[in-house]
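S.K.: Here it is, the structure, as structure tokens.
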Amino acid sequence: RCYHFSYVGEDFEYASINSWGLREFKALINSGFFSQFAFDDTMKSKNEVRSVFPEEHIDQSNKYKANFEFFRLDINQSTSPLLVVMDMDLAGFPHNLLLNREGDIIHSMRPLANILSTEWYIKYSNQVQIDKAFPKSVWIPTEGGDFTLNQLFGKLEDSLVENKFTILQSLDPKNPINTDLNIICAHGSNDIALKQVVFPDDTPRLNLDRYLSSGKVLIFFVCHSGSISSTPFENSISSIVKKYIAKGYSSVIAPFWALHINIPPIWLPVFLKSIEDGKSIIEAVHDANLAVKEVYPTLAAWCCLHLYGDPHITLSK
């Protein structure tokens, strides 16, 4: 059986998830179902390449969703932010994909974040603000010659310059990035939760300390970096997100599966503007994800970037 507990205002309740299927859930996790999510913006049709239509993205989304229809939460139908704690045995399920009782993706209607645990949330959340002119940095090692990272930089460059990012493009920078908002761009494999290795080129980097120091908000534009795996022998969960929350970051944003290079150029400007408009980080992530949905209405695109940690970070007044 699977239960969900909810706490709203002063009301605490729990209920069984009637649609729950343990066998189906284990099959999804064991098959690496979520790590296989992907989409394309073009496709070959006969002898020509054409853009994928929104209707085709929606159809793809519905086909993905049909595989986890058994995981529906009968919770309050509010539009206010929803803060989630996932049981260790359910950690491999992406929280952006949680469904309501009607089978709709909750994140399409309300901001959503994984707050890791109630103990962490009570002790550490709602304690951090960032300055209005908050410093921002990105490590995107294009000097290594990686084609995809150079493509990504080309798509992001205008936004990074406009928003006054400190940009590090070296494979071996003299100093790691160390500002309120830090972004890491690299490749990641679907076992990153356990191995915690990134690839700025063909050589794996196990220790990011040479590239990344302290900060308040960390964004990974690294495939699969938001994924979580249970480590039953240690009775815990493993993720690169958890590592950097433990290092002192208040919030981490990361893709649960492969991140298409067309997503960050849509997502980042909307996220930054929402923060600058005074919205909390959980609202800013929601705004940015919905902006992606306007262009690519498949959950493989707009549900990709997940928020972990403190959902309340805002600009200082």
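S.K.: Restricting attention to region 1-48, which residues are hydrophobic (A, V, I, L, M, F, W, C), part of a loop (DSSP other than H, G, I, E, B) and in contact with a Lys or Arg (Cβ under 9 Å, 6 or more places away or on another chain)?
M.R.: Hits for region 1-48 are Ile17, Trp20.
Condition check ((1) surrounded by fewer than 12 Cβ atoms within 10 Å (Cβ to Cβ); (2) over 19 Å from the mean Cα position of the chain (by Cα)) across all residues:
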residue	(1), (2)
Phe34	no, no
Val49	yes, yes
Ala66	yes, yes
Asn76	no, yes
Leu83	no, no
Gly92	no, no
Asn96	no, no
His107	no, no
Leu116	no, no
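S.K.: Does region 270-282 contain at least one residue that is among the acidic types (Asp, Glu), open to solvent by 40 Å² or more (accessible area, probe 1.4 Å), touching a residue at least 12 places away in the same chain (Cβ under 8 Å) and under 18 Å from Val138 (Cβ atoms)? Walk me through it before giving the result.
M.R.: Of the residues in region 270-282, the ones among the acidic types (Asp, Glu) are 276-277.
Within this subset, residues satisfying the condition of being open to solvent by 40 Å² or more (accessible area, probe 1.4 Å) are 276-277.
Remaining after also requiring touching a residue at least 12 places away in the same chain (Cβ under 8 Å): 276.
After this cut, where a residue has to be under 18 Å from Val138 (Cβ atoms) as well, the list is 276.
Scanning region 270-282 turns up at least one residue that is among the acidic types (Asp, Glu), open to solvent by 40 Å² or more (accessible area, probe 1.4 Å), touching a residue at least 12 places away in the same chain (Cβ under 8 Å) and under 18 Å from Val138 (Cβ atoms).
S.K.: Do you know which residues across region 170-197 are open to solvent by 30 Å² or more (accessible area, probe 1.4 Å) and more than 25 Å from Asn262 (Cβ to Cβ)?
M.R.: Ser170, Asp172, Lys174, Asn175, Pro176, Asn178, Leu194, Lys195, Gln196 - these are the residues of region 170-197 that are open to solvent by 30 Å² or more (accessible area, probe 1.4 Å) and more than 25 Å from Asn262 (Cβ to Cβ).
S.K.: Whether any residue in region 162-169 is surrounded by 14 or more Cβ atoms within 10 Å (Cβ to Cβ), within 24 Å of Ile228 (Cα to Cα) and modelled with pLDDT of 90 or more is what I want to check. I'd like the intermediate steps shown before the answer.
M.R.: So in region 162-169, the residues surrounded by 14 or more Cβ atoms within 10 Å (Cβ to Cβ) come out as 163, 165-169.
Now restrict to residues that are within 24 Å of Ile228 (Cα to Cα): none.
No: region 162-169 contains no residue that is surrounded by 14 or more Cβ atoms within 10 Å (Cβ to Cβ), within 24 Å of Ile228 (Cα to Cα) and modelled with pLDDT of 90 or more.
S.K.: Could you tell me which of the residues Ser137, Ser159 is over 16 Å from Val198 (Cα atoms), of a type in the set (Gly, Ala, Ser) and buried (at least 19 other Cβ atoms within 10 Å of the Cβ)?
M.R.: Result: Ser137 is the single residue among Ser137, Ser159 that is over 16 Å from Val198 (Cα atoms), of a type in the set (Gly, Ala, Ser) and buried (at least 19 other Cβ atoms within 10 Å of the Cβ).
S.K.: Among (1) open to solvent by 80 Å² or more (accessible area, probe 1.4 Å); (2) modelled with pLDDT of 95 or more; (3) of a type in the set (Asp, Glu), which single condition is Asp131 missing?
M.R.: Of (1) open to solvent by 80 Å² or more (accessible area, probe 1.4 Å); (2) modelled with pLDDT of 95 or more; (3) of a type in the set (Asp, Glu), only one is false for Asp131: (2).
The values are calculated or read from the model by the stated rules, or taken from the named source; none is laboratory data. The model shown is predicted, which means the values in this text are computed figures rather than measured ones. FYI the Cβ positions are ideal-geometry reconstructions off the backbone, even for glycines, and counts take in every protein chain you see. Please note that ligands, DNA and RNA were not included when accessible areas were found on the heavy atoms of the full protein model with its side chains. Shrake-Rupley method; radii C 1.70, N 1.55, O 1.52, S 1.80 Å.
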